[in-house]
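Participant: Here it is, the structure, as structure tokens.
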Amino acid sequence: MATLASRHPLDPLTADEIIQVSSLLKAKSPDTSLHFKIITILEPPKAQLRPFLIAERNGGTQPRPPRKASSLYYHLGTADLFLAEVNLDTNSVDSIKKLAPELHGQNDIDESMALRDACVTHPKVLAELKKFQLPDHLEVVCDPWPYGRDSEKRLPRYVQCYLFARAKHPGSNHYDTPLPFSPVLDIITKDVVEIIRLPTGSGPELNHDSVFQPHETKEYHHELQKQPDRTDLKPLIVHQPEGVSFTIDGYLIKWQKWRFRLGFTWREGMVLHDVTYDCRELFHRLSLSEMFVPYGDPRYPYSRKSVFDVGDIGAGVAANNLALGCDCLGVIKYFSFVISNSQGKPVDKSNAICMHEIDDGIGWKHTNSRTGAVSIVRSRVLVLQTIITVGNYEYVFMWHFDQAAGLHYKIQATGILSTAPIDSGATVPWGTNVNEGVMAPFHQHVFSLRIDPTIDGDKNSFIEEDSVAMPMDEKNPFGVGYVTETNLLSHSTPSDSAPNRVHKIINSSSINKSSGKPVAYAIHSPTKQMLLAHPNSWHGKRAKYAFHPFWVTAHRDGELYAAGDYTYQSHPDNTSDLGAWADRKDKTEDTDIVVWHSISLTHNPRTEDYPVMPCDTMTVSLKPSGFFDQNPALDVPQSTQKSNGSRLVEDTALTVAVGGQSCGMRELKL
């Protein structure tokens, strides 16, 4: 086990360090109980960290920056919120700051569980259930949602509880029985503030006398499905007889000319640091900055329904324990971490990230039509994957590293639709009926990928490059020519997509000797419809980043989250967010910049998305564009049948004995 002096300043916190932080802060408030929201690694300032990382890469020596942690916590039972910084090396508290009363901490697991219990056992809620005539064989399930915002009022921390009912089976689909009322609870007192009757018709009308109406439920769990499982699917086994091609040293990973550090935080989940290819710098830091999920039902209280899944909940907090042969297929390396609970104690996040190699089809190929000579290589990809569960939804986040220096961020959305009750025979234009009495409202998922580049160094710029048809003139007499036109974004600003537009991060001081142009990495991402809520709506005011697919800002330490540090019931007047940072109009030419990419999924549910949603996949690619003088994958060995062990279907010896676990997987021990 690494000693404190040898721990890297970017390594995630250990269990001992979480206890160290909470103990120091408890000692500062001996007469007050603390409710911890966050205890996480505090990364060194970039100006201090960069020289250390460069020296580390090049085998030099540089003093290690202090290892620090930050903590957000309440005085238990109050709205008093504090932010502290702790120096782990000196075992001391550097600072404690009481935050403004309009700022709120995120939900935590302990708090959510207590609120669920308080809601479904509250006398007012029980009275509504009795009035609704819910049968005794069904149990009530509470989904606590962030209250959001729909006015200028400064409210205490509230939670909006949407209620459902299910059969008493752990896999029963409670979203198939949404109830027509929604309690609002005060998070501190856990008392019911109000119970809101939900609209169930084709408009905003309310039915205060509705009673339970049974219907045939749609279930996703295999034990509850009525149709039998398929029987014609044969095993598919990934086998690497000589082992894996990557190496690991703590959180330092090397594979096929790639070198990077893996990080993990309660908020962002998986983070990549100091990413290089063939010893050339590419990215200082890559992370999921935010994820906003607004719903499109205009009726009250659904007009408030939204969540910042990263800021309000936390991708690291919600990370799954990934199962061998199910979530991750092949020869797997798992990474486990620890986070803190509300008492400041460590909680294991076992197998939160998995890493493995996959075959990704053809890497490149050419058949010489004159000679018949064939050159072909298959594409090997290194995958780092994490999966989070946030209420009804699952999100799969993956980084794919390819052998041609491309880096691809893949997002998959699956899980279950968040449903609402609807009267028999009624329909609405902002949702899809997916079962009798069950409506799935339209909604969006807007992710923010934070890209902190170091393309051949710190002095980078961000450009728009458009393909433009040439006028039909003496230079283009046949009318077939087209050229590219570039627009340098010299000051912090948003940028929009356009047909055939490519956004590039360039280094104007590093020139490609073949093209004569600055080296660059291009961001390839499908054009998507951005946030549909009106800019003057509370959704729009609180998630300004979601209106544009690209933004560029000058780097400043601490500016990590596109919607601001404190998203719970956030108010734009009290929020330092991406919109405010862009409005500074800082210089972004030939300097230390950050690029933010908003990735939007507009989800108008299909009936096929229910009762569980097939994965919907989005991919963003960061690809070299004039960064190299030639194809960087030319040195990948020629593919052969001998190296990949492919077989013919007609081969009678296909069946092989597989020992160990039932699906033929094995965990890599390093």
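Participant: Pull out a ≥ b ≥ c, the square roots of the eigenvalues of the alpha-carbon gyration tensor of the stretch 477-632, then state rounded if a/c is under 1.5, prolate if not and a/b is larger than b/c, and oblate in the remaining case.
Facilitator: Because a/c hits 1.5 or more and a/b fails to exceed b/c, the stretch 477-632 counts as oblate.
Participant: I would also like to ask the following. Compute the acute angle (0 to 90°) between the alpha-carbon long axis of helix 109-120 and the principal axis of greatest extent of the alpha-carbon atoms of the chain; round to the nearest 10°.
Facilitator: The angle comes out near 30 degrees.
Participant: Moving to a separate point now. Using a 1.4 Å probe on the protein chains only, how many percent of the accessible area of the chain belongs to carbon and sulfur?
Facilitator: Roughly 52 percent of what the probe reaches on the chain is carbon or sulfur.
Participant: Mind giving me the FRET efficiency for H169 and D629? R0 is 56 Å, r the Cβ-Cβ distance, nearest 0.05 is fine.
Facilitator: With a Förster radius of 56 Å, E is 0.35.
Participant: For K153, list the lysines whose Cα falls under 21 Å from its own Cα; do not include residues on the same chain fewer than 8 positions away.
Facilitator: K190, K305, K541, K544
Participant: Another question about this same structure. Sort 295-304, 259-268 by the packing proxy (mean of other Cβ within 10 Å over each peptide's residues), most packed first.
Facilitator: 259-268, 295-304
Participant: Along the charge dipole of the chain, which of G558, T276, H443 sits closest to the positive end, that is, farthest toward it, with unit charges on the beta carbon of Lys, Arg, Asp and Glu (+1, +1, -1, -1)?
Facilitator: Projecting each Cα onto the dipole axis, the largest value belongs to T276.
Participant: Quick check: pseudo-label points 7 Å beyond the Cα along Cα→Cβ at D31 and D229, how many nm apart are they?
Facilitator: Computed distance between label sites D31 and D229 equals 6.2 nm.
Participant: Determine how large the accessible area of H284 is when every protein chain is in place; take a 1.4 Å probe and give Å² rounded to the nearest 10.
Facilitator: The accessible area of H284 comes to roughly 10 Å².
Participant: Among 440-448, 97-105, how do they line up from the highest to the lowest mean number of other beta-carbon atoms within 10 Å?
Facilitator: The most tightly packed comes first, giving 440-448, 97-105.
Participant: In addition: Work out from phi, with θ = phi - 60° and the Karplus expression 6.51 cos²θ - 1.76 cosθ + 1.60, the ³J(HN,Hα) of each residue of the stretch 9-15, listed in order in whole Hz, and give x for Gly and Pro.
Facilitator: Each residue of the stretch 9-15 in turn: x, 9, 4, x, 5, 8, 4 Hz.
Participant: Could you list which residues have their amide H under 5 Å from that of E268, counting only those 5 or more apart in sequence or on another chain, with H placed in the peptide plane?
Facilitator: A315, G316
Participant: List the lysines whose Cα sits under 24 Å from the Cα of K234, skipping any in the same chain fewer than 8 residues away.
Facilitator: The qualifying lysines are K226, K642.
Participant: Lys pairs in the stretch 4-98, Cα-Cα under 25 Å, at least 8 apart or on separate chains: how many?
Facilitator: 15
Participant: Cβ neighbours within 10 Å, averaged per peptide: list 381-392, 574-585, 235-246 in order, most packed at the top.
Facilitator: Answer by packing, highest mean first, reads 381-392, 574-585, 235-246.
Participant: Consider all pairwise Cα distances in the stretch 4-98 and report the whole-number % of them above 23 Å.
Facilitator: 31 percent
Participant: A follow-up question, please. Near K475, which aspartates and glutamates are there with a Cα under 20 Å away, not counting those fewer than 8 places off in the same chain?
Facilitator: Once the sequence-local aspartates and glutamates are set aside, what remains near K475 is D466, E485.
Participant: With a point put 7 Å past each Cα toward its Cβ, work out how far S6 is from E216 in nm, to one decimal.
Facilitator: 6.4 nm
Participant: Between the stretch 176-246 and the stretch 381-451, how many Å separate their Cα centres?
Facilitator: When both Cα centres are located, 14 Å separates them.
Participant: For the stretch 486-600, what's the relative contact order in percent, using C-alpha pairs closer than 8 Å and at least 6 residues apart?
Facilitator: 35 percent
Participant: Out of residues 5 or more away from T493 or on other chains, whose amide H comes under 5 Å of its own, with H placed 1.01 Å from N in the peptide plane?
Facilitator: It is V552, by chain and number.
Participant: Right, next: Can you give me the Rg/Rh ratio for the stretch 205-289, using Cα atoms for both radii and the Kirkwood formula for Rh?
Facilitator: 1.30
Participant: Turning to a different aspect of this structure: Based on Cβ point charges of +1 for Lys and Arg and -1 for Asp and Glu, what charge dipole magnitude is obtained for the stretch 4-98 about its Cα centre, in debye rounded to the nearest 20?
Facilitator: 240 debye
Participant: Could you give me the ³J(HN,Hα) list for the stretch 580-587, computed from phi with Karplus coefficients 6.51, -1.76, 1.60 and θ = phi - 60°, whole Hz, x at Gly and Pro?
Facilitator: 5, 5, 5, 5, 5, 6, 5, 5
Participant: 5 Å is the cut-off here: which amide hydrogens, built 1.01 Å from N in the peptide plane, fall below it relative to L13, excluding neighbours closer than 5 in sequence?
Facilitator: Sorted by chain and number, the residues that satisfy this are I41.
Participant: A follow-up question, please. Any number yet on Rg/Rh for the chain, C-alpha, Kirkwood?
Facilitator: 0.98
Participant: Suppose a student asked you for the relative contact order of the chain, using Cα pairs under 8 Å spaced at least 6 residues apart; what percent would you report?
Facilitator: Across the chain, relative contact order equals 13 percent.
Participant: Further question: Calculate for the chain the 222 nm mean residue ellipticity that helices alone would give, adding -39,500 (n - 2.57) per DSSP H run of length 4 or more and normalising by residue count, nearest 500 deg cm²/dmol.
Facilitator: -2500 deg cm²/dmol
Participant: Given a Förster distance of 25 Å, report the FRET efficiency between N604 and Y300 from their Cβ-Cβ distance, rounded to the nearest 0.05.
Facilitator: After rounding, the FRET efficiency stands at 0.70.
Participant: Rounded to whole Hz and in sequence order, give me ³J(HN,Hα) for the stretch 217-233 from the Karplus expression 6.51 cos²θ - 1.76 cosθ + 1.60, θ = phi - 60°, writing x for Gly and Pro.
Facilitator: Going residue by residue, I get 7, 9, 10, 10, 5, 4, 6, 10, 6, 8, 8, x, 5, 5, 10, 9, 9 Hz, with x marking Gly and Pro.
Participant: Now for a different question. Dipole of the chain (Lys/Arg Cβ +1, Asp/Glu Cβ -1, origin at the Cα centre): which of L578, S508, T200 lies farthest to the positive side?
Facilitator: Positive-end residue among those listed: S508.
Participant: If you put +1 on each Lys and Arg Cβ and -1 on each Asp and Glu Cβ, how big is the dipole of the chain around its Cα centre, in Debye rounded to 20?
Facilitator: Value, rounded to 20: 920 debye.
Participant: D89 to R556: extension gain in nm, 0.36 nm per residue of separation minus the Cα-Cα distance?
Facilitator: That works out to 165.6 nm of additional length.
The values are calculated or read from the model by the stated rules, or taken from the named source; none is laboratory data. Please read these numbers as outputs of a predicted model, since none were measured by experiment. Please note: Cβ atoms are built from the backbone with ideal geometry, for glycine as well, and neighbour counts cover all protein chains shown. These accessible areas exclude ligands, DNA and RNA; they are computed on the full protein's heavy atoms, side chains included. Shrake-Rupley method; radii C 1.70, N 1.55, O 1.52, S 1.80 Å.
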